[in-house]
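Notes follow the structure.
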Ligand code: GLU
């Protein structure tokens with residue numbers, strides 16, 4: 001990978017922001033009523049380096065719903081509380097190739113929920129958080145881990161939590177189907193509620209960039225210096241993100257971006273370049289599979305301009321990106 005200097009990154013982030021801020025297309029998620037009402041013109045990009053320096057453009061201090069990106073901290077929490085092998089056995093690490101909330105995926109693969117970064121596996125991960133049976137302390141463990149990963153506290157968006165709780169019928173079916181297959185390890189309703197609540201936390205693009213760099217740097221938060229999880233878990237979580245970070249379009253995403261990244265229907269994307277940096281972007285309008293249109297383009301723009309790609313053997317000179 002290239003040796004990147006801060007000036008070059010600053011220039012690239014500003015350029016990506018200017019180039020993409022007028023991009024149209026996509027639509028806010030509307031199956032969760034709160035998300036439908038968020039200003040669709042919000043747009044922010046943040047890059048965090050292993051030194052802890054963050055390079056921002058646009059609305060990087062706006063708190064949006066973390067949604068599915070919250071599956072990453074909870075998966076790591078559970079891997080850290082148990083070990084990666086147990087998570088593999090109880091949940092799995094396969095790609096589903098199906099939408100994030102697929103019930104079909106559970107029916108097709110009854111022996112495990114497939115991956116902690118899709119809804120089924122994430123609800124199972126919530127059921128595994130220790131101490132099993134103690135909802136209050138499980139929730140505290142989830143919140144503390146999110147805080148440690150991001151280097152500062154996230155805040156619950158009450159309205160989003162209410163909105164999701166009132167409409168999460170599909171996820172409720174998933175929780176009970178997992179129970180049917182003995183693939184949930186605490187009370188199903190409690191596990192579902194923890195999952196819904198973790199998705200309703202408000203996070204900023206800058207916090208997500210810092211979290212990405214904590215992962216990129218083997219679990220050491222670049223801002224606080226705290227070792228948040230065991231370093232051997234970085235390749236494990238990055239492989240899970242690479243497998244399903246963009247749900248049924250993960251292959252397309254990896255092929256075109258070269259960056260393992262996790263998206264959420266709140267419009268956030270968190271990309272990880274191990275050992276090098278974290279990149280995050282946020283813009284509410286989504287494509288048909290629930291991934292932010294503008295945030296995707298922003299991460300790709302920066303990756304291509306800086307020549308970072310986890311599959312590339314050496315620094316490359318890339319052509320100018322072709323943008324929609
Ligand atoms: N809370 C959302 C759900 O379970 C998260 C989905 C996502 O961000 O992909 O439907």
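Listed values, structure above:
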| quantity | calculated |
| --- | --- |
| Per-region count, region 278-304, residues out of contact with any helix residue (DSSP H, G or I) (no Cβ under 6 Å at 6 or more places or on another chain) and part of a strand (DSSP E or B) | 2 |
| Any hit, region 120-127, residues being touching a residue at least 24 places away in the same chain (Cβ under 8 Å) and surrounded by fewer than 23 Cβ atoms within 10 Å (Cβ to Cβ) | no |
| Check on residue 275, more than 16 Å from the ligand (Cβ to nearest atom), surrounded by fewer than 21 Cβ atoms within 10 Å (Cβ to Cβ) and part of a loop (DSSP other than H, G, I, E, B) | yes |
| Matching residues in region 154-170 - criterion: being surrounded by fewer than 20 Cβ atoms within 10 Å (Cβ to Cβ) and under 20 Å from the mean Cα position of the chain (by Cα) | 155, 156, 161 |
| Filtered residue count, region 116-163, keeping only those that are within 16 Å of the ligand (Cβ to nearest atom), touching a strand residue (DSSP E or B) at 6+ places or on another chain (Cβ under 7 Å) and farther than 19 Å from residue 87 by Cβ | 4 |
| Considering residues of region 142-186 that are closer than 20 Å to residue 33 by Cβ and assigned to a loop (DSSP other than H, G, I, E, B) only, the residue modelled with the highest pLDDT | 157 |
| In region 85-119, the residues that are surrounded by 21 or more Cβ atoms within 10 Å (Cβ to Cβ) and farther than 20 Å from residue 291 by Cβ | 87, 91, 92, 106, 113 |
| Residue list for region 6-29, restricted to those being within 16 Å of the ligand (Cβ to nearest atom) and surrounded by 16 or more Cβ atoms within 10 Å (Cβ to Cβ) | 26, 28, 29 |
| Matching residues in region 189-203 - criterion: being assigned to a helix (DSSP H, G or I) and either surrounded by 20 or more Cβ atoms within 10 Å (Cβ to Cβ) or within 13 Å of the ligand (Cβ to nearest atom) (or both) | 191, 192, 193, 194, 195, 196, 197, 198, 199 |
| Output for region 30-45, where each listed residue is surrounded by fewer than 17 Cβ atoms within 10 Å (Cβ to Cβ), touching a residue at least 40 places away in the same chain (Cβ under 8 Å) and not in a loop (DSSP other than H, G, I, E, B) | 33 |
| Test set (1) surrounded by 22 or more Cβ atoms within 10 Å (Cβ to Cβ); (2) on the phi < 0 side of the Ramachandran plot - residue 58 fails condition number | (2) |
| Count of region 63-115 residues which are assigned to a helix (DSSP H, G or I) and within 16 Å of the ligand (Cβ to nearest atom) | 12 |
| Check on residue 2, out of contact with any helix residue (DSSP H, G or I) (no Cβ under 6 Å at 6 or more places or on another chain), loosely packed, with under 13 Cβ neighbours inside 10 Å, modelled with pLDDT under 95 and over 18 Å from residue 263 (Cβ atoms) | no |
| Test: residue in region 32-52 that is closer than 19 Å to residue 222 by Cβ and within 16 Å of the ligand (Cβ to nearest atom) | no |
| Of residues in region 278-300 being closer than 21 Å to residue 39 by Cβ and surrounded by fewer than 24 Cβ atoms within 10 Å (Cβ to Cβ), the one nearest to the ligand (Cβ to nearest atom) | 290 |
| Cβ pairs under 9 Å, 6+ apart, first in region 162-179 and in contact (Cβ under 8 Å) with a residue 60 or more places away in the chain and under 16 Å from residue 124 (Cβ atoms), second part of a helix (DSSP H, G or I) and more than 12 Å from the ligand (Cβ to nearest atom) | 174/106; 177/106; 177/107; 178/106; 178/124; 178/127; 178/188; 178/191 |
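The values are calculated or read from the model by the stated rules, or taken from the named source; none is laboratory data. Just so you know, these numbers come straight off a predicted model, no measurement behind them. In this analysis, Cβ positions are derived from the backbone assuming ideal geometry, glycine residues included, and neighbour counts consider all displayed protein chains.
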